[in-house]
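The values are calculated or read from the model by the stated rules, or taken from the named source; none is laboratory data. In this text the structure is predicted, and so the values were computed from the model without any measurement. Here the Cβ positions follow ideal geometry from the backbone for every residue, glycine too, while neighbour counts run over all protein chains shown.
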Amino acid sequence: MRVELPPEPVHFVNRDRERERALRAVAEWRGRSRPLVLSLSGPVGLGKTETAGLLARTLIDSHRFPDGVLSVDLDDFRVDGILDPGDVLSQLLISLDVAPDQIQAQYAARCRQYWNRTSQAKLVLLLDNARYASEVVPLLPASGDSVVIVTSHGRLHDLEGGAAVDLVLSPLEEQAAAELFELIARDHRLAADPEAARAVVRLCDGLPAALHVAGRWVRAHRLRPLSRILADLQAELDEKGVSGVEHIWDTAYADLSRPAALLYRLLPHHPGETFTLHSATALSGLGPDACEDALEELDRAGLLDLRLLSLTEAGQLRLPGPQRGHALRRSRREAAEGEAAEAQVRLLRWFVRQAQLADRFAAGRRLTVVDLFDPVPGAPDVPLQDPEAAADDEARADRAERAARWLDEERHVLFGCSRLAHGRCMDTEVVALSEPVWTHALDHPHQSEVIEVFRRAVDSAVRDGGDAGWLVRTRCQLARPLWEAGELSGAEDQLNAALSARRLLGDSVRDRKLAASVVEHCGMLKGARGEWSAALADFTVSRGMHESIPNPYGVLLQTYRMGEANAKAGDLETAHGLLREAHTGFVAGNRERLIGRSAFALAGVLHRLGRTAEARELYERSLARADRRRSGFDRARVHDALAELDTAEGNPAGAEEHRTAAQALRRRNGLTQNGLS
């Protein structure tokens, strides 16, 4: 039996799911004169060749393929990137015991010769590094008792449906990556410094090729602490890339069209770790059609994995860390002067507009201090729909929910854009981005990131110095997460500065709303200190200011605040009336978040008044609203309240179920008992 396979890899983990699927497909295959094709695809460095080899050995061990394994690396037969299938057929015929001088000279005759030789064969053919289906089809044996295993960087979409099984490899998950790293390194320092070991694994971003490099570094430097190895490895990967893989990426890049090469060079300059079809279009400046073509070309070249498009609402994609480093090196070497800077500015302005639209759709029309940015030529808006144009309440809620989900899924890009804009002194963009972060943070507290966004916004407002409204708004925004994080004195400093800036405001509707907002925030800080009578006084003043504008939404919001303050102060009947009024108004105005939160506050008052059936109904409505918004903060506290209600009604099993749900939500969302991360 001929077995043209290299020795098995010393260390190999995972890929069990792909191998099980392949073996099941082989067992179920009923072809007659056409072999089953197992197509393994994915970016370079994922271990496709090793997986294919192990799969071929497993098939041979099944004794169903007595004619053995033939193996060909198609890259060995390329000349200037072009493959002549006739040359590969010659090699395969030699492996099938055809003497070189007996191989047919003409290509068509050589194909017939190969088909004749393989018509009764029971063999496994491994074709490594295919680029196109057209390279594979002429090499297929003419026997349904054979199996062909093909590896490629991108998916081979043109292989016959039903005769090919797609096995698309992804980067290793962190647990499997850590297991492979430990097998390669075999060093006590990993257990002694687990945090540094995890950092090395994350640096490799699930690429087995990078993990092998990291493991060799650990073995080669026995005296260095793991923390130093991490720093040195980071520098090595940044400068030289992953040995054994870098040249393959270079080859793939060299074959790209100009638009695809441009996009590849620009992707590492995208803020955050992920990008989307829409943001890539804005970044590249290519326009939608050309950008789609470029992304598909990168996918075919194995420099991108388009399968990720379907995994999130926003359709997020990413380059694994080592490959991102390769793209950045190509950018440093080949980008035209100002290429990356121009692309980033274009993306920033596009993203600000998308975040502003998502903010308005998710939260409704409200006070903001930066006007909606203009569209960016050649970069269409994300297809979010305006809830105000919906035909009914359900469609309106669905549109608002989708916009809120977009903000949640794109939050890391939002934070990254804030950092980038601040570093480029784009102060209008920094302040504008603080508004959608505000909307997102009300449902999803991520304190450290949110606080930094608002600090940058304050700094940009001060640096600009020309808009008192910016100063008031950004300082109020920063004060809230500060007092929620327990930094009460810091929050007070911000509100004192906002009060000073308020004196510079004019008499426009916007400025009068901002003035009322400062008073509201002062009341909220007093509430955070437990000074509910003083807080109530501020909310009452703020409501009067909104009534004089007039601003009906502001009046409702302060009515809600007054209801909460009265409830905290123990005046339940007054609280009930105020919260009932606010809740009714929020429902009429389709204010999704405040419908849920006012229902929660009203339910708490009803519970304390002994009206538990009404309280439960409102808690359940509030929970449904929080579920729609995917707000872990609100969902957890509603479960807490329902647990208290069940306990009071003598239902310990129900109470425990709600407590368990609340704890799970807090763990999943990184929240503490008071809801803050």
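Go over the candidates 654, 596, 604, 632 one by one and state the one that is closer than 22 Å to residue 401 by Cβ, surrounded by 15 or more Cβ atoms within 10 Å (Cβ to Cβ) and without any contact (Cβ under 8 Å) to a residue 60 or more places away in the chain. It would help to see each step written out before you state the result.
On the way: 654 fails: closer than 22 Å to residue 401 by Cβ; 604 fails: closer than 22 Å to residue 401 by Cβ; 632 fails: without any contact (Cβ under 8 Å) to a residue 60 or more places away in the chain.
Residue meeting the stated conditions: 596.
To keep it simple, each residue is scored yes or no on (1) of a type in the set (Gly, Ala, Ser); (2) under 27 Å from residue 386 (Cβ atoms); (3) modelled with pLDDT under 90.
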| position | (1), (2), (3) |
| --- | --- |
| 273 | no, no, yes |
| 288 | no, yes, no |
| 312 | no, yes, yes |
| 337 | no, no, no |
| 352 | no, yes, no |
| 357 | no, yes, no |
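Does residue 555 satisfy the condition of being farther than 19 Å from residue 367 by Cα, among the β-branched types (Val, Ile, Thr) and surrounded by 18 or more Cβ atoms within 10 Å (Cβ to Cβ)? It would help to see each step written out before you state the result.
Values: farther than 19 Å from residue 367 by Cα: no; among the β-branched types (Val, Ile, Thr): yes; surrounded by 18 or more Cβ atoms within 10 Å (Cβ to Cβ): yes.
No, not satisfied.
In the range 97-214, which strands (runs of 3 or more DSSP E) lie fully inside it and hold 2 or more residues that are on the phi < 0 side of the Ramachandran plot and at pLDDT 90 or above?
124-130, 147-152
With the structure loaded, tell me whether residue 279 is surrounded by fewer than 23 Cβ atoms within 10 Å (Cβ to Cβ), among the hydroxyl-bearing types (Ser, Thr, Tyr), part of a helix (DSSP H, G or I) and outside the structural domain of residue 133 (by TED's automatic domain parsing) or whether it fails that test. Steps first, please.
Working: surrounded by fewer than 23 Cβ atoms within 10 Å (Cβ to Cβ): no; among the hydroxyl-bearing types (Ser, Thr, Tyr): yes; part of a helix (DSSP H, G or I): yes; outside the structural domain of residue 133 (by TED's automatic domain parsing): yes.
No.
Before we move on, is residue 458 without any contact (Cβ under 8 Å) to a residue 60 or more places away in the chain, of a type in the set (A, V, I, L, M) and under 19 Å from residue 430 (Cα atoms)?
Values: without any contact (Cβ under 8 Å) to a residue 60 or more places away in the chain: yes; of a type in the set (A, V, I, L, M): yes; under 19 Å from residue 430 (Cα atoms): yes.
Yes: the conditions hold for residue 458.
Among the residues that make up the range 413-430, is at least one of them buried (at least 20 other Cβ atoms within 10 Å of the Cβ) and either over 19 Å from residue 343 (Cα atoms) or free of Cβ contacts under 8 Å to residues at least 24 places away in the same chain (or both)?
No: the range 413-430 contains no residue that is buried (at least 20 other Cβ atoms within 10 Å of the Cβ) and either over 19 Å from residue 343 (Cα atoms) or free of Cβ contacts under 8 Å to residues at least 24 places away in the same chain (or both).
Here are some residues: 261, 235, 290. Which one is part of a helix (DSSP H, G or I) and out of contact with any helix residue (DSSP H, G or I) (no Cβ under 7 Å at 6 or more places or on another chain)?
Of the residues listed, the single one that is part of a helix (DSSP H, G or I) and out of contact with any helix residue (DSSP H, G or I) (no Cβ under 7 Å at 6 or more places or on another chain) is 235.
Filter the range 31-60 down to the residues that are of a type in the set (S, T, N, Q) and touching a helix residue (DSSP H, G or I) at 6+ places or on another chain (Cβ under 8 Å) and list them by number.
Narrowing the range 31-60 to residues of a type in the set (S, T, N, Q): 33, 39, 41, 49, 51, 58.
Hits for the range 31-60 are 41, 51, 58.
Would it be correct to say that residue 466 is assigned to a loop (DSSP other than H, G, I, E, B), modelled with pLDDT under 95 and under 24 Å from residue 522 (Cβ atoms)?
Numbers: assigned to a loop (DSSP other than H, G, I, E, B): yes; modelled with pLDDT under 95: yes; under 24 Å from residue 522 (Cβ atoms): no.
Spelling it out, it is not the case that residue 466 is assigned to a loop (DSSP other than H, G, I, E, B), modelled with pLDDT under 95 and under 24 Å from residue 522 (Cβ atoms).
Looking only at residues that are among the β-branched types (Val, Ile, Thr) and touching a strand residue (DSSP E or B) at 6+ places or on another chain (Cβ under 8 Å) in the range 1-34, which one is surrounded by the most Cβ atoms within 10 Å (Cβ to Cβ)? I'd like the intermediate steps shown before the answer.
Filtering the range 1-34 for residues among the β-branched types (Val, Ile, Thr) gives 3, 10, 13, 26.
So of that shortlist, the ones also touching a strand residue (DSSP E or B) at 6+ places or on another chain (Cβ under 8 Å) come out as 3, 26.
Numbers: 3: 12, 26: 19.
Only one residue fits best here, namely 26.
Would it be correct to say that residue 37 is at pLDDT 90 or above, out of contact with any Phe, Trp or Tyr (no Cβ under 8 Å at 6 or more places or on another chain) and either outside any loop (DSSP other than H, G, I, E, B) or surrounded by 14 or more Cβ atoms within 10 Å (Cβ to Cβ) (or both)? It would help to see each step written out before you state the result.
Values: at pLDDT 90 or above: yes; out of contact with any Phe, Trp or Tyr (no Cβ under 8 Å at 6 or more places or on another chain): yes; either outside any loop (DSSP other than H, G, I, E, B) or surrounded by 14 or more Cβ atoms within 10 Å (Cβ to Cβ) (or both): yes.
Against the criterion (at pLDDT 90 or above, out of contact with any Phe, Trp or Tyr (no Cβ under 8 Å at 6 or more places or on another chain) and either outside any loop (DSSP other than H, G, I, E, B) or surrounded by 14 or more Cβ atoms within 10 Å (Cβ to Cβ) (or both)), residue 37 qualifies.
Test of understanding: among 561, 580, 512, which residue is in a helix (DSSP H, G or I), in contact (Cβ under 8 Å) with a residue 40 or more places away in the chain and of a type in the set (Lys, Arg)? It would help to see each step written out before you state the result.
Working: 580 fails: in contact (Cβ under 8 Å) with a residue 40 or more places away in the chain; 512 fails: in contact (Cβ under 8 Å) with a residue 40 or more places away in the chain.
The unique qualifying residue is 561.
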